[in-house]
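Undergrad: Just dropping this structure here.
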Amino acid sequence: MSFLIGIIGKPSAGKSTFLNAACLTNAKVSELPFTTIEPNKGVAYVKLKCVCKELNVNDNPKNSYCVFGNRYIPINVLDVAGLVPDAHKGKGLGNRFLNDLSKADILIHIVDISGSLDKNGKRIKIGENDPYEDILFLENEINLWFKQILEREDWNKFLKLFARENKKFVGELYKRLSGIKVKRHQIGLALKKSNLEDKNPSSWSDDDLLIFSKNLRELSKPILILANKIDKENGMENFVELKKKLDGEVIPCSALAEYFLRKYHQEKKIVYLPGSDNFNILGDQNLSQKELQMLNKMKEIILNPFKETGIQKALNFAVFNILNQICVYPISDINKYTDNNGNVLPDAFLVKKGALLKNFVRDKIHTDLADHFIFGIDARTKKRLGENYELRHNDVIKIVSAK
């Protein structure tokens, strides 16, 4: 698992419930702000159609799992404490919580779409808070955090050193930002987007720096909006209004519904697959009348209209649509689709769209295998593939090496 999803939002918006639902963890949940202090970690799964059905084999995965032809691939998730206005200045221990996000590749913002919490996470009358304002303040806090990291200590001295060396400036800026997982090419793109590509760094204004920080944050830590508590009063109405104000994707969600469905599946009371629009009850005697009513209500107001609870859609959208990942299956036997131990389609790896075959071998399988790489073989067509072959989604490939 090479990337990390950070879960953000104001206190009590449902971040820990999201983590518990996605990962079946036991993070403490409460309506009191700052119930979460230390970051909670978990392993969630993205879901895609496995190639086992297409290839007509019964697979036995090792680094993932497959249920009814659905391959679930693990990803790392981190839930940090709630962020409040002026978090970048340390309010609510904000600096500490923001620094917990330094290794995240993407952020999922859990928004209380019912509008029943103020900016500090305290309960108010439903509808009194505008969820759109939550999005604006939190994204601003993340952008200002980026700016603060850039400005730390000797920023002005740092700028003057590169008054006439813009190319070297990008390299040194990359080193300066190494702690927050920013890529070199993202710095170049942010400079271009900010119209600072040809501007002397020593002449940057404070506004220039803020614009650059915002653009760099958007490139290196994009934010996906999750409209949680969609089933609450005012939830759907606020969701429709929010969609009008935002250009990007907004996913309706009930993290609490997903959590109950997964727990009941774990307790063998129902059969439920994450990302499904239905579930099967395993005997009414396992459930109380109240539980049956709750499950029927979930089906009626969440699963039927939205086709799922939103948790799986958010994870999939973050990984496949925003991070542009694809899935690749390396094997050893191109006829049986097995590894050297006879396991069928044992591994499913997520890689960046556009990745080259030899780089994939080095990054995901073994550097020694990459050093002795000869060619790959497409298991479907049996064609040879060179080291610069651009991987495609659901490729099944054998690696041939000299060792």
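Undergrad: Assuming ASN238 fulfils every condition listed in (1) in contact with a helix residue (DSSP H, G or I) (Cβ under 7 Å, 6 or more places away or on another chain); (2) polar (S, T, N, Q); (3) without any contact (Cβ under 8 Å) to a residue 12 or more places away in the chain apart from one, which condition is it?
TA: The single condition ASN238 does not satisfy is (3).
Undergrad: Another question about this same structure. Please list, ordered by residue number, the helices (runs of 4 or more DSSP H) wholly in region 48-167 having 2 or more residues that are aliphatic (A, V, I, L, M), within 24 Å of the chain's Cα centre (by Cα) and modelled with pLDDT of 80 or more.
TA: 131-151
Undergrad: Every residue in region 246-277 that is exposed (fewer than 13 other Cβ atoms within 10 Å of the Cβ) and over 18 Å from CYS23 (Cβ atoms), please.
TA: Residues satisfying the conditions are LEU246, ASP247, GLY248, LYS268.
Undergrad: Considering only region 192-211, I want to know if a residue exists there that is free of Cβ contacts under 8 Å to residues at least 60 places away in the same chain, part of a helix (DSSP H, G or I), over 20 Å from PHE320 (Cα atoms) and in contact with a Lys or Arg (Cβ under 6 Å, 6 or more places away or on another chain).
TA: Yes, that holds for at least one residue.
Undergrad: A further question follows. Only residues that are closer than 25 Å to LEU350 by Cβ, at pLDDT 85 or above and crowded, with 19+ Cβ neighbours inside 10 Å: list them for region 17-42, please.
TA: Of everything in region 17-42, those that are closer than 25 Å to LEU350 by Cβ, at pLDDT 85 or above and crowded, with 19+ Cβ neighbours inside 10 Å turn out to be PHE18, LEU19, ASN20, ALA21, ALA22, CYS23, GLY42.
Undergrad: Would you be able to say whether some residue in region 275-282 is in contact (Cβ under 8 Å) with a residue 24 or more places away in the chain, of a type in the set (Gly, Ala, Ser), outside any helix (DSSP H, G or I) and touching a helix residue (DSSP H, G or I) at 6+ places or on another chain (Cβ under 7 Å)?
TA: Yes, there is a match, as at least one residue in region 275-282 is in contact (Cβ under 8 Å) with a residue 24 or more places away in the chain, of a type in the set (Gly, Ala, Ser), outside any helix (DSSP H, G or I) and touching a helix residue (DSSP H, G or I) at 6+ places or on another chain (Cβ under 7 Å).
Undergrad: What residue, among those in region 176-191 that are within 18 Å of ASN156 (Cα to Cα) and part of a helix (DSSP H, G or I), is modelled with the lowest pLDDT?
TA: This residue is ARG176.
Undergrad: Additional query: Taking region 212-260, which residues are aliphatic (A, V, I, L, M) and assigned to a helix (DSSP H, G or I)?
TA: LEU216, LEU219, MET236, VAL240, LEU242, ALA255, LEU256, ALA257
Undergrad: Could you check, for region 225-239, whether at least one of its residues is closer than 30 Å to SER12 by Cβ and among the basic types (Lys, Arg)?
TA: Among the residues of region 225-239, at least one is closer than 30 Å to SER12 by Cβ and among the basic types (Lys, Arg), which makes the answer yes.
The values are calculated or read from the model by the stated rules, or taken from the named source; none is laboratory data. The structure displayed is predicted, hence computed values, not measured ones. Cβ sites come from the backbone with ideal geometry, for glycine too, and all protein chains shown count toward neighbours.
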